Amino acid sequence: MILAVVWLTKATTGRVGRWSRGSGAVGGGPYAGPVPAPKVAKKVAEPEPPKPDTSLVRRARKMDRILAETYPDAAAELDFTNPFECLVVTVVSAQTTDRRVNAASPALFAAYPTPEAMAAAPREHLEQLLGPLGFFRAKTDSVLKLSQALVENHDGEVPRTLEELVKLPGVGRKTANVVLGNAFGLPGITVDTHFGRLARRFGWTEETDPVKVELAVAALFPKRDWTMLSHHLIWHGRRRCHAKKPACGACPLARLCPSYGTGPTDPEVAEKLVTTQGPA
Ligand code: SF4
C-alpha cells in the first residue's frame, strides 16, 4: 500500500515529495519560505570627531605655536576668583563686553559671594547690580535659577563635568567649557564667535555649528592644548583677525593662513587695525 502511494506521487509530480532539512517548515505544514531573521535594534552611533589629515594637523599646531608666541599673556579676560564667580560672570557676559562685566562683578560678589547668598538675593537688588550689562531681567533670572540649582543639586559647589554643567539653568556648552578650562584646569574648547570664525578662516573646518567646530578642532590638538588654544584664537580674533577687517598685513599667521587677503595686506594700513588693549 505504502509503495503504491510513493509510486503514485512520483508518477504525478515527477519527484518523491519530502521536507528538506532546514526548509524552515514547522509542524508538518507546507513550506512557506525562509523564516525572517529577528529584528535587532540598531545601535545609535555616538558622534565621532572627523579624522583630519596629517598636513592639516601640522599646520594647525604650527599656527597655534605662533599665536602662543604672539600672545604670551593670553588668558580669560573675565575676572573671577573661584569656580562660582567664573560660572556667573560667564553666564552674564552674553550680549555685553568683558570690560562691563569686570566693572560690575566686584559689587555683585561683595554682596552675594556664594551660591547660597545669591540664591536668596532680593531680585530688585540683583537687577540693579546687573543693570549695566543689559538684559538685566533675564540675567537676574539666570543667576537666581543657577544659584538655586547649585544649592539644591550640588551642595553649593560648581560641578566639574561637562555633563553636569550643561544641565544647570542658563549654562550651555560654551560656558561649561570656559568653566572647565579656566576654573578647574580641565581641557575645554570654547567655541565663541571669534573661535568659530577663525577656525573657518584658518581652513581647520568648514562647519558652522559650534559643537561640530569643537569636535573638528579637538581632533587637531592634544587635550592638554585645548584651553590655551581657545585663548589664543579668541585673543587673535579680538586683536587682529577682526570679523569685518582683519589685519592681514600685520598678521604673524599670514604665510599659513588660506584667508590671507581677506583684510588689508598693506603693513601700514593693517597695523592701524591691530588693537592691543585689554578685554573688549
Ligand atoms: S592672515 Fe588675515 S585672515 Fe588670516 S589669520 Fe591673519 S588676519 Fe586673519
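What residue, among those in segment 239-260 that are more than 6 Å from the ligand (Cβ to nearest atom) and either of a type in the set (A, V, I, L, M) or under 20 Å from residue 62 (Cα atoms) (or both), is nearest to the chain's Cα centre (by Cα)? For segment 239-260, the residue satisfying everything is 243. Checked against (1) more than 25 Å from the chain's Cα centre (by Cα); (2) more than 8 Å from the ligand (Cβ to nearest atom); (3) in contact (Cβ under 8 Å) with a residue 24 or more places away in the chain, residue 268 passes all but a single condition, namely (3). Would you check if there is a residue in segment 193-203 being modelled with pLDDT under 95 and outside the structural domain of residue 158 (by TED's automatic domain parsing)? Looking for residues that are modelled with pLDDT under 95 and outside the structural domain of residue 158 (by TED's automatic domain parsing), one finds at least one in segment 193-203, hence yes.
Condition check: outside any helix (DSSP H, G or I), at pLDDT 95 or above, buried (at least 17 other Cβ atoms within 10 Å of the Cβ) and not small (Gly, Ala, Ser). Does residue 159 satisfy that? Yes: the conditions hold for residue 159.
The values are calculated or read from the model by the stated rules, or taken from the named source; none is laboratory data. Fair warning: this is a prediction, and the values are worked out from it, not measured in the lab. Positions of Cβ are backbone-derived with ideal geometry, glycine not excepted, and every protein chain shown enters the neighbour counts.
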